[in-house]
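Since every read-out is calculated from the coordinates, none of them should be taken as a lab result. Everything numeric in this text was worked out from a predicted model, so none of it was measured. Quick reminder, even Gly has a Cβ in these numbers, built from the backbone with ideal geometry, and neighbours come from all protein chains shown.
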Amino acid sequence: QAQLVESGGGSVQPGGSLRLSCAASGSFFGIRTMGWYREAPGKEREWVADIDLGRNTKYTNSVKGRFTISRDYNRNTVHLQMNSLKPEDTAVYYCSADANLDPSTAWDRYWGQGTQVTVSS
């Protein structure tokens, strides 16, 4: 079964750092862009960052200069290094992957189960 498994969430004080990881496993055939989204209480899920097959990265403005997305293409993993964390970064963070299960199937977006990040003093 194709799935994305996240790890690395937790609680940290403002100004601290956390590193999130996401591993794609199972029957994925191809994976294009991988990324991260987050969902804060009472808010809609928002895009945070992504990285494509050409190693091109994009970030939402609120995390630029603080978060870094990276990817291990051989291991189908993606990481999000989060520095200078702020209380407003508190959310459940979700890994995403645009992937297909074999050459004949359509590309679809897959999601991880989410990992909680809490920034509080």
- Among 102, 52, 89, the residue with the largest mean-square fluctuation in a Gaussian network model of the chain built from Cα contacts under 10 Å is 102
- Scoring the chain by relative contact order with C-alpha pairs under 8 Å, at least six apart, yields a percentage of 36 percent
- Select from 65, 15, 42 the residue whose mean-square fluctuation is largest in a Gaussian network model of the chain (Cα-Cα springs shorter than 10 Å). 42
- With r as the distance between the Cβ atoms of residue 72 and residue 44 and R0 = 22 Å, compute the FRET efficiency 1/(1 + (r/R0)^6) and round to 0.05. 0.15
- Percent antiparallel among DSSP beta bridges with both residues in the chain, to the nearest 5? 95 percent
- Task: In a Gaussian network model over the chain where Cα atoms closer than 10 Å are linked, find which of 17, 104, 70 has the largest mean-square fluctuation.
- Result: 104
- Message: Rounded, prolate or oblate for region 58-121? Axes are the square roots of the Cα gyration tensor eigenvalues, ordered a ≥ b ≥ c, and the cut-off for rounded is a/c under 1.5.
- Response: prolate
- May I ask for the net charge around residue 70, where only other residues with Cβ less than 11 Å from the Cβ of residue 70 are counted and Lys, Arg are +1 while Asp, Glu are -1? +2
